[in-house]
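**Q** One structure is given below, represented as structure tokens, and several questions about it will come after.
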Amino acid sequence: MQKQGKILIIDDNEDILFALNLLLKPHVEKVKVATQPERVAHFMETFEPDVILLDMNFTQDADSGQEGFLWLKKIKEIDPDAVVIFITAYSDTEKAVQAIKAGATDFIPKPWAKDKLLATVASAVQLRRSRTEVSRLKKQVAALQSHQSFPEIIGESSPMLALFETIDKLKDTDANILILGENGTGKDLVAHLLFHTSSRADKPFVHIDLGTIPETLFESELFGYEKGAFTDAKKEKSGRFEIASGGTLFLDEIANLSPAMQMKLLTAIEKQQITRLGGTTPIHINVRLLCATNADIHEMVAAGEFRQDLLYRINTIELHIPPLRERGGDIELLAHHFLERFTKKYKKDIRGISPSAMRKLNSYHWPGNVRELQHALERAVILSSGYTLSSDDFLLKPASRKVKQENLNLKELEQAAIEKALSQTDGNLNQAADLLGISRFSLYRKIEKMKSENELFR
């Protein structure tokens, strides 16, 4: 029998422990023995056995088997997928069968037949491995089921029709795609559409917002970790790459990655493998990569803030999502769509949008794009008391002349923002970077650049 599996044996008879240890050691990876069942929780935490061999009686002269039932229950409370084999006398066989109904996997009689015992343990190890794989697959299924609904993208304008045409051309390719667009344009919806129209539509879709992940958690989130990799790593965890394997991984806000994390991501993409934090064994991955950002990533490359080689890996195809202000009649189309949705949601009898209100919507700049329009319609539906949404139901303020007269010099505005952030955080770069919504590295580079240009920072 090939050596595989970690076995924990718990029996108050040291002769039994010695014999089983001697018999199993040549055939399995590791064996641990204990005479006290009270230590089972400790060994499950530190040793992580694949199979537990458990005696049915521990108190002297006890033969009821109730102790075994009790410890089986406690083991299952710690790990519902634990594989437990009872060690029992021939006279306890009936109780052992009852124990199987209670959650035990099998039983080994005393005295045992060597070949049968080895076969029983080998089958139990395979069962444990199967349960572990099933658990991993369940995570993949959950990731898949959470994105079953087909994304709804509304648009009939020329820019949107051109976008739809491009997406249709991509349905038979596994090419990595970079989605670019302002906040609120619907980059996540486009990512979902790309997934649902791809050959991987029946595989997992895993979405991770890199803008919300602290740099310290990047590796553990994307690559997973082994038990003991850090203080709170009580058990192993699959990373997003593993869960998405075979399917699609959507990395939102890709421009937020620090240079160090960019390098780690690049390595994973190039080698098509990852290594869990605290692990040594490479794990092959097979994912289609979708990335998105609202930043000018090409400008970031030019400024040395984003790796050019990583950009080439993620932007085999670039999709540019047009802002709402460039989509012509789509504003009216979307407004009626959201009106229908929110009248149903809030059970309001609102039958349309007045011409003056629609003119107001069409003349507005929509800096927040489709998301802002959606919120405007929802608020109007909630607050309106009439059958038609009027101009007064939309609290939109066109840009004032005062705004046009304000200082719009980007360099000066950036410098002022950095100065204010540093002032508010007493010079703490990490906190200042958080306030500014950029990485610490980006902030450092901007300050260094300003030092050479502005006497104020010397």
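**Q** For the stretch 302-313, which positions are of a type in the set (A, V, I, L, M) and at pLDDT below 95?
**A** ALA302, ALA303
**Q** Would you mind stating whether GLU38 is modelled with pLDDT under 90 and part of a helix (DSSP H, G or I)?
**A** no
**Q** Would a scan of the stretch 66-85 turn up a residue that is modelled with pLDDT under 80, not basic (Lys, Arg) and not in a helix (DSSP H, G or I)?
**A** no
**Q** Would you confirm, using the coordinates I've provided, whether ALA99 is within 12 Å of MET56 (Cβ to Cβ), of a type in the set (Gly, Ala, Ser), assigned to a helix (DSSP H, G or I) and over 33 Å from the mean Cα position of the chain (by Cα)?
**A** Numbers: within 12 Å of MET56 (Cβ to Cβ): yes; of a type in the set (Gly, Ala, Ser): yes; assigned to a helix (DSSP H, G or I): yes; over 33 Å from the mean Cα position of the chain (by Cα): yes.
When the stated conditions are applied, ALA99 passes them.
**Q** Here are some residues: SER198, SER220. Which one is farther than 25 Å from ILE167 by Cα, buried (at least 17 other Cβ atoms within 10 Å of the Cβ) and not assigned by TED's automatic domain parsing to the domain that holds ILE438? Steps first, answer last, please.
**A** Numbers: SER198 fails: farther than 25 Å from ILE167 by Cα.
Only one candidate passes the filter, namely SER220.
**Q** Next up: Go over the candidates LYS451, LYS411, LYS397 one by one and state the one that is in a loop (DSSP other than H, G, I, E, B) and at pLDDT below 80.
**A** LYS397
**Q** Sticking with this one: Output the residues belonging to the stretch 267-285 that are in contact with a Ser or Thr (Cβ under 6 Å, 6 or more places away or on another chain) and loosely packed, with under 14 Cβ neighbours inside 10 Å.
**A** Passing the criteria: only PRO282.
**Q** Working carefully through the options ALA380, ALA376, find the one that is modelled with pLDDT of 80 or more, under 30 Å from GLY329 (Cα atoms), hydrophobic (A, V, I, L, M, F, W, C) and touching a strand residue (DSSP E or B) at 6+ places or on another chain (Cβ under 8 Å). Spell out how you get there, then give the answer.
**A** Numbers: ALA376 fails: touching a strand residue (DSSP E or B) at 6+ places or on another chain (Cβ under 8 Å).
Answer to the check: ALA380.
**Q** Any residue at all in the stretch 90-103 that's surrounded by 16 or more Cβ atoms within 10 Å (Cβ to Cβ) and at pLDDT 80 or above?
**A** no
**Q** Quick one: which of GLU152, GLU226 is of a type in the set (D, E, K, R), modelled with pLDDT under 90 and closer than 30 Å to PHE441 by Cβ?
**A** The match here is GLU226.
**Q** If I filter the stretch 111-130 down to residues being crowded, with 16+ Cβ neighbours inside 10 Å and not hydrophobic (A, V, I, L, M, F, W, C), which single residue comes out as modelled with the lowest pLDDT? Working first, answer last.
**A** Just the residues of the stretch 111-130 that are crowded, with 16+ Cβ neighbours inside 10 Å, to begin with: 112, 117-118, 120-122, 124-125, 127-128.
In the following step, the residues that additionally are not hydrophobic (A, V, I, L, M, F, W, C) were identified as 120, 128.
Working: THR120: 92, ARG128: 87.
Step by step, filter the stretch 111-130, then rank; the result is ARG128.
**Q** Here's a follow-up. From the list ILE350, ILE321, which residue is at pLDDT 95 or above and in contact with a Gly (Cβ under 9 Å, 6 or more places away or on another chain)?
**A** Going through ILE350, ILE321 in turn, just one is at pLDDT 95 or above and in contact with a Gly (Cβ under 9 Å, 6 or more places away or on another chain): ILE321.
**Q** Okay, moving on. List the number of the failed condition for ALA292; all other conditions in (1) out of contact with any strand residue (DSSP E or B) (no Cβ under 7 Å at 6 or more places or on another chain); (2) in contact (Cβ under 8 Å) with a residue 12 or more places away in the chain; (3) closer than 22 Å to ILE167 by Cβ; (4) not charged (D, E, K, R) hold.
**A** Of everything listed in (1) out of contact with any strand residue (DSSP E or B) (no Cβ under 7 Å at 6 or more places or on another chain); (2) in contact (Cβ under 8 Å) with a residue 12 or more places away in the chain; (3) closer than 22 Å to ILE167 by Cβ; (4) not charged (D, E, K, R), ALA292 misses just condition (1).
**Q** Considering each residue of the stretch 308-324, count those that are surrounded by 14 or more Cβ atoms within 10 Å (Cβ to Cβ) and part of a helix (DSSP H, G or I), and give that number.
**A** 5
The values are calculated or read from the model by the stated rules, or taken from the named source; none is laboratory data. Note that this is a predicted model, so its numbers are computed, not measured. Glycine gets a Cβ as well: all are built from the backbone with ideal geometry, and neighbour counts include every protein chain shown.
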